[in-house]
1. Can you tell me what percent of all Cα-Cα pairs in segment 231-354 are more than 18 Å apart?
2. Only helical DSSP H runs with n ≥ 4 go in: add -39500 (n - 2.57) per run for the chain, normalise by residue count and round the 222 nm mean residue ellipticity to 500 deg cm²/dmol.
3. Springs between alpha-carbon pairs under 10 angstrom, Gaussian network model over the chain: which of Thr190, Thr347, Thr86 fluctuates most?
4. Once you put a point 7 Å from the Cα of Leu345 and another 7 Å from the Cα of Gln128, both along the Cβ direction, what distance in nm separates them?
5. Report the relative contact order of segment 1-276, percent, no decimals, based on alpha-carbon pairs under 8 angstrom and at least 6 residues apart.
6. Kindly put His296, His11 in sequence by how many other C-beta atoms sit within 10 Å of each C-beta, fewest to most.
7. For segment 77-199, state the average projected area of the convex hull of the C-alpha atoms over all orientations, rounded to one decimal in nm².
8. So how many Å³ per residue does the convex hull of the Cα atoms of segment 1-276 work out to?
Amino acid sequence: MGKQTPLYDKHVVMGAKMVDFGGWDMPLRYGSQIEEHHQVRTDAGMFDVSHMSVVDFTGPDTREFLRKVFANNVDRLTTPGKALYTCMLKEDGYVLDDLIVYYMDENWFRVVFNASTHDKDLAWVQEQAKPFTMEIIEPPNMAMIAVQGPNARVKASAVFDEPMRTEIAELAPFTAAYFGDLFISRTGYTGEDGFEIILPAAQVNDVWRALYGEGVQPIGLAARDTLRLEAGMNLYGSDMDESTSPLESGLGWTVAWEPEGRDFIGRAALEKIRSAGVNKKLVGLILEEKGVLRDHQKVIVNGLDDGEVTSGGFSPTLGKSIAFARVSKEVGGSCKVEIRGKQVLATVVKLPFVRNGKPV
């Protein structure tokens, strides 16, 4: 048996199919994965994401430290609550993890790391932090719920009393606020509007129950994956990892090259990669024939192996199989994908596949 979130018993009672996910027992689905996917695209759904790693960086050197360890520049964060998406790189310019960092004040930045990278991320930042005057703290006994969908803000804010309800409903995108024990951000991983709520584990069952009472349906990991895939959002360990740079993973926009004097970890190596020319790029694929695109399938252009699928699956919104693929920078128009020994036609597209619930 793996680690369990504070909502584990709730998932079991609600009939979820539980699976191992990075050492955690997590709900794959509660019923139909397709129905759960459409629930989020058309109304509102909630995900237990308590397996994610919440880490607070505090102290007088915190901003200076984060300028060093993140590829994006935290100097862009000047308004309390504002969030920034970034990668954390190794010295060779490859991706150690991707994450969201929140600026709360000059002595407090909150970071949410991926669950599967918890141990290595924590070890990495602790080692890099040694020359700085600051602390790295994991708040104990915390839980996290993501509420996503076009009706998510209305339904989630209804759970709380005034004036908190109005403040939450009016949160700007990529902004967080702190309400006593509750940390609420207008962020997500589905391409839809909504919130991510970090709160004490002792309170999470009550909030989950209240959200359900407002018509917010529980959603499993399977639908979360197809939602993020349609939205063109990378998954660490599939679309980028320690063997790829952000420049070949569709994440060049997360690298802040200015000011030139900011010597973030991995910068020198990344500049060499950029100067030499990036030969690979991440694109979207839409399968034009029967079949399902899956990770690691070969992408064939002009009869030659050109790249591979990094993430793939069926898109309930498009009614077709879609994928991310890392291919040569010249590839465009169409390609073929090898599925069970057969070459099947696919169209090459720009990401995302779906925006605001509609096909792009």
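1. For segment 231-354, the fraction of Cα-Cα distances above 18 Å is 52 percent.
2. One gets -6000 deg cm²/dmol as the mean residue ellipticity at 222 nm.
3. Thr347
4. Between Leu345 and Gln128, the label points sit 4.6 nm apart.
5. Result for segment 1-276 is 26 percent.
6. His296, His11
7. 8.7 nm²
8. 125 Å³
Where a number appears in this text, it was derived from the coordinates with a stated rule and is not lab data. Please read all numbers here as calculations on a predicted model, not as lab measurements. Don't worry about glycine lacking a Cβ; one is built from the backbone with ideal geometry, like all the others, and counts go over all protein chains shown.
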